[in-house]
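First up is the structure itself, then whatever we jot down about it.
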Amino acid sequence: MSNDSTVSVNPKDLETFSYDNVIVRNFAWATIIWGIVGFLVGLIIAIQMFAPAYFPFLDVGISYLSFGRLRPLHTNAVIFAFVGNAIFMGVYYSLPRLAKAPMWSILLSKLHFWGWQLIIVSAAVTFPLGLTQGKEYAELIWPIDVAVAVVWVIFGINMLMTLIKRRERHMYVAIWFYIASWVTVAVLHIVNSLVIPYSLLSSYPIYTGVQDALVQWWYGHNAVAFFLTTPFLGLMYYFLPKAANRPVYSYRLSIIHFWSLIFLYIWAGPHHLLYSSTPDWVQSLGTVFSIMLIAPSWGGMINGLLTLRGVWDKVREDPILKFMVVAITAYGMAVFEGPMLSIKSFNALSHFTDWTIAHVHVGALGWNGMLTFAILYWIIPKMWKTDLYSKKLANLHFWIGFLGILIYAAPLYWAGITQGLMWKQFSPDGFLMYRNFLETVTHLVPMYAIRALGGTLFLTGAIVMLYNLIMTMKRGTFMAEETFKAPAMVSSHNEKVNHRWLEGKPMPFLIASLIVILVGGIFEIVPMQVIKSNVPTITSVKPYTPLELHGRDIYIREGCYLCHSQMIRPFRNETERYGEYSKAGEFVYDTPFQWGSKRTGPDLHRIGGKYPHAWHYQHMYDPQSIAPGSIMPRYPWLLENSLDTSHTSNKIRALMTLNFPYPHGYDNVAYIDVQTQAMEIVEDLKISGIETTYDKEIIALIAYLQRLGTDIKGESKPIFSKP
Amino acid sequence: MSQTEDKLLEHNYDGILEYDNPLPKWWVWLFILTVIWGIGYFFYYNIAEIGPSQHEEYLAEFNTGSADAMRLIQQMNEKWAAIAYVPITDNDALEQGKAIYIKNCVSCHGANGEGGIGPNVTDNYYIHGGGIENTMNVIINGVPEKGMISWKPLLTPEEVQLVASYILTLKGTQPANAKAPQGELWEQ
């Protein structure tokens, strides 16, 4: 333990206090356990993507285990459980030591810990049940969203009060990142989670179509920024100089890259919506700000790697530094690749393909995974006052983890580029070369199998770590508290008002970062809400009928949006394949929007009327029977389950508060139309020899799918009964 | 960037020290250039509107775009215009037609044409008329309201001719599980 040696103090003036290691230990355990769970669920869904081709017997048709329900579990577990707990572990360890003050309230620390774990458990229960909001990385249902906000505020109060009660006058760069991350995540979470509940568990977002897409990707992109990136930069700034025992390369670089990073990052969200129905100017902002982000992002990488100058020989020896170097390098690669993918001509090829999946896993496995492992290997021996049980095993973990990342990412890059090119290829006589979408999928199945091997290696590495850390704990003794002495903070007068001054003011610092991150969001989101020309009206577009609405909610429940887009881009190859490209005005009654971000299956925006009802019925029961070689899971339960119509009128009422033009009082008679429309579909199915009843879920889903993308043709004329 | 330039600041945070190194020059230039590029990009596409909008880019793929695309579209149109409504009887060609049928048609019309989601194609009854011309036209244009898709974007004119010819050979084969006849009796 080192002391501040710049000022000599009378020992009598030293105050004694202690750091709480119990909370750090708890978060460390949560990180390890949820990490392994998150990787495991990822491996399961990776296997589901090639299993139908090789092991069809594995598709047992159990709703709770289907890809569309487990995928949100995987992403949320890795982001909010694994990375989230790792952030809290690192903050609860480093913040008191940097502030020279214990965490303000042990009670709040405990509430934070148990609240967060409870949220994770409730996510693990609700996702398999199909309870979801249908927006990526924001799938948690509204009551859990409220709990997230409460726990987040608890964390914030604890952190800020610790800073206010600190003994160290200035806040170190790591703390800047903690503050900015906290305030931004709060803003993102609240704005993107604004909903109108229609039942105890379910709700509709207050935004529709293009607006919802923009808010969602402002959130989604900045969840990557302010949950996966900036808190981890903070952790890097603490644990890297500690582990390497080297001074940080440049304080000035810290200042410049911190402020430029948080200012620019927030604008870049629309790069997830390139060539979509969002207005051109919003898309351009996404591109431009992504490119301008390269230098600020690399600032963190440079400060990290250059801190290691002079100790590269140590890097060869020390597994912790090895993990850190790979983490920082993966970060540097991912934040360069991101801007490249934001250039429209690259995006035209990469978007909707596995390239995106490869890109995010370089970030998640490389940057977040490897840095978390490094911190765990550093922090556990420290708190147990011992050495790591086995450096050999840590090295083994490093190599299989590193290899796992390569074997994970390489086949997906290949798959992404291949599929992107196949979609676009025309034959010499002017036809699409691969007219059947399925041809482009079966081509990739071997790559999906190799990817699962990479995931297996990464998971194995984490289990090796678990063993190594347990053995380390066994040989040491856990210090529940560490006592420390430091003088009280001296208030300084006449300090010049510059950055150094701001580093001594937690609240002004928080407010300054809040203002900086609000600019981009306001500039993009507000004009979209108020300027009508951004979403040109199409008069033939009408709200969904109540039955279609129920079907849409089933579509969301089953996570269809995770494999199917509803966004035909303005490319000749897409309009050849799918039909007219998607227009902004077509989505005004879509809440939540369902544009998707990945096409494992074809786009569905113009699926309406393309196939007979019986085709969908058969296809949902067993996709392979209609499309041999398809890797889509079976949905036999949709043919069995009765449609839950208990919320029909609540749903309509919720949408009427959003000014959907249903007739006045329609909420009271909507149930009649549910039955009428369902009967029509049942009659039609009967002609094709399918006997079923009007109250089955499949009927509602068929109604929704048959409506999709048809309004613009002026053919669909939904009838709404008069109350 | 040699170590002699390093000057330690008087900061000490839990033992962590910081150097007062300047920003790397290349980094500063990278930042400045990307900002200039960004402003230029936004000006070019969205303020001065010199660069094409998304919609203009799309139209360009057809009109003023590459001569290639133009030529291809023209070729395709010529091929559809010159389509021959003649059944092919050559055995090899019928095998090709069968392959197209298996790949695209069996899910609705059955492995042997017995019907399922779609009508039986082996009997003498037709909803939209029998014979090569009607069969080919149904395949090309589809019957969207009945769920038969238009195969024009998915099959070439030759393929339509091949598969229609194959389908005609199924007539009278009386497969198992045949769906009841639909439509009118068709006599040539």
- Query: Using the Karplus equation 6.51 cos²θ - 1.76 cosθ + 1.60 (θ = phi - 60°), what ³J(HN,Hα) coupling, rounded to whole Hz, does each residue of region A:296-309 give in order, writing x for Gly and Pro?
  - Reply: x, 5, 5, x, x, 5, 5, 4, x, 5, 6, 5, 8, 3
- Give me the distance between the Cα centres of region B:19-88 and region A:25-71, rounded to whole Å. 39
- A:LEU432's amide H: which non-local residues (gap 5+, or another chain) put their own amide H closer than 5 Å, with H modeled 1.01 Å from N in plane and none for Pro or chain starts? A:SER427
- Positive-end residue, chain B charge dipole about Cα centroid, Cβ charges, pick of B:TYR101, B:ILE73, B:SER165: B:SER165
- Message: Once neighbouring chains are kept in place and the probe is 1.4 Å, which whole percent of the accessible area of region B:84-185 is contributed by carbon and sulfur?
- Response: 53
- For the protein assembly as shown, the charge dipole (Cβ of Lys, Arg +1; Cβ of Asp, Glu -1; about the Cα centre) points to a positive end, and the Cα of B:ILE39, B:TYR125, A:THR693 closest to that extreme belongs to B:ILE39
- Item | Solvent-accessible heavy-atom area per residue, rounded to whole Å², over region B:84-185 at 1.4 Å | 49
- Item | Against the rule of thumb 2.2 N^0.38 Å, how large the Cα Rg of region B:76-188 comes out | 0.99
- Note on the structure: Subtracting the Cα-Cα distance of A:PHE57 and A:TRP29 from 0.36 nm times their residue separation yields 6.5 nm
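Grab the beta carbon distance between A:LEU514 and B:GLU56, set R0 = 56 Å, and tell me the FRET efficiency rounded to 0.05. Walk me through the intermediate numbers first.
Details: r = 39 Å, r/R0 = 0.70.
Using R0 = 56 Å, I get an efficiency of 0.90.
Using 0.36 nm per residue of separation minus the Cα-Cα distance, give me the extension gain between A:LYS496 and A:PHE17 in nm, one decimal.
Numbers: separation 479, 0.36 × 479 = 172.44 nm, distance 3.09 nm.
So the extension gain works out to 169.4 nm.
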- In nm, give the distance between the simple-model label positions of A:TRP399 and B:ALA93, each being 7 Å from the Cα along the Cα-to-Cβ direction. 6.4
- Projected label distance in nm at A:THR537 and A:GLN675, using a 7 Å step from Cα toward the beta-carbon: 3.5
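Divide by every residue of chain A the summed helix terms, -39500 (n - 2.57) for each DSSP H run of at least 4, and state the resulting mean residue ellipticity at 222 nm, rounded to the nearest 500 deg cm²/dmol.
On the way: 30 runs with 427 residues, N = 723.
It comes out at -19000 deg cm²/dmol, rounded to the nearest 500.
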- Provide a whole-number value for the mean count of partner chain Cβ atoms within 10 Å of the Cβ atoms in peptide A:575-583. 2
- Query: Ignoring ligands, DNA and RNA, what accessible area per residue does chain A give at 1.4 Å, in Å²?
  - Reply: 35
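Using only protein heavy atoms and a 1.4 Å probe, how much accessible area in total is buried between A and B, to the nearest 100 Å²? Don't skip to the end; give the middle numbers.
Values: alone 28150 and 13870 Å², together 35960 Å².
That pair of chains buries around 6100 Å² in total.
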- Item | About the Cα centre, charge dipole magnitude for chain A (Lys/Arg +1, Asp/Glu -1 at Cβ), debye | 2240
- chain A - Debye-derived log10 I(q)/I(0), Cα point model, q = 0.06 Å⁻¹: -0.37
- Residues listed by number, region A:659-700, amide nitrogen under 12 Å from A:GLU715 label point at 7 Å toward C-beta: none
- Query: Which residues of region A:243-277 bury at least 30 Å² of accessible area once all protein chains are present, versus their chain alone (1.4 Å probe)?
  - Reply: A:ARG246, A:PRO247, A:VAL248, A:TYR249, A:TYR251, A:ARG252, A:LEU253, A:ILE256, A:TYR275
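Given 0.36 nm per residue, what is the gain on full extension from A:ASN659 to A:LEU107 after removing their alpha carbon distance, in nm? Write out the running numbers ahead of the final one.
Working: separation 552, 0.36 × 552 = 198.72 nm, distance 4.46 nm.
My answer for the length gained is 194.3 nm.
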- Query: Per residue of A:300-308, how many C-beta atoms from partner chains lie within 10 Å of its own C-beta, taken as a mean?
  - Reply: 2
- Task: Rank-order A:672-683, A:203-214 by packing density, defined as the average count of other C-beta atoms within 10 Å over each peptide's residues, highest first.
- Result: A:203-214, A:672-683
- Cβ neighbours within 10 Å from other chains - mean over B:49-61: 4
- Straight-line reach check, B:LYS146, cutoff 28 Å on alpha carbons, 8 or more apart in-chain or any other chain, hits among lysines -> A:LYS542, A:LYS583, A:LYS610, A:LYS686, A:LYS696, A:LYS713, A:LYS717, B:LYS79, B:LYS98, B:LYS103, B:LYS171, B:LYS179
- Item | Cα centroid separation - region A:653-683 against region A:330-363, whole Å | 42
- In this structure, the FRET efficiency calculated for B:LYS25 and A:LYS165 from their beta-carbon separation, with R0 = 30 Å, to the nearest 0.05, is 0.15
- Message: Between A:GLU683 and A:VAL150, how high is the FRET efficiency from 1/(1 + (r/R0)^6) when r is the Cβ-Cβ distance and R₀ = 56 Å? Nearest 0.05.
- Response: 0.65
- Using +1 on the beta carbon of Lys and Arg, -1 on that of Asp and Glu, and nothing else charged, what's the dipole of region A:546-713 about the Cα centre, debye to 20? 620
- Query: Among A:HIS613, A:LEU40, A:GLN624, whose Cα lies farthest out toward the positive end of the dipole of chain A, if unit charges sit on the beta carbon of Lys, Arg (+1) and Asp, Glu (-1)?
  - Reply: A:LEU40
- Under Karplus coefficients 6.51, -1.76 and 1.60, residue-wise ³J(HN,Hα) of region A:547-564 in Hz, glycine/proline x: 5, 5, 4, 4, x, 5, 5, 5, 3, 5, 4, 7, x, 4, 5, 7, 10, 10
- Surface/4 of the Cα convex hull for region B:3-47, nm²: 5.1
- Distance in nm between label sites at A:THR460 and A:SER199, each 7 Å beyond Cα in the beta-carbon direction? 4.5
- Among all the aspartates and glutamates, which ones have a C-alpha under 14 Å from A:LYS382's C-alpha, if same-chain residues fewer than 8 places away are not counted? A:ASP20, A:GLU481, A:GLU482
- Item | Under Karplus coefficients 6.51, -1.76 and 1.60, residue-wise ³J(HN,Hα) of region A:463-468 in Hz, glycine/proline x | 6, 4, 4, 3, 4, 4
- Kindly rank B:37-49, A:286-298, A:615-627, A:106-118 from highest to lowest mean number of other beta carbons found within 10 Å of each residue. A:286-298, A:615-627, A:106-118, B:37-49
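Hey, got the dipole for region A:377-468? About the Cα centre, +1 on K and R Cβ, -1 on D and E Cβ, debye to the nearest 20? If you can, show how the numbers build up before the last one.
Numbers: 7 positive and 3 negative charges, 87 e Å.
So the magnitude is around 420 debye.
The values are calculated or read from the model by the stated rules, or taken from the named source; none is laboratory data. Computed from a prediction, not measured in an experiment: that's the story for all the values here. For neighbour counting, all protein chains shown are included, and Cβ atoms are generated from backbone atoms with ideal geometry for every residue, glycine included. Just so you know, the surface numbers come from the protein's heavy atoms only, side chains and all, with ligands and any DNA or RNA stripped out. Shrake-Rupley method; radii C 1.70, N 1.55, O 1.52, S 1.80 Å.
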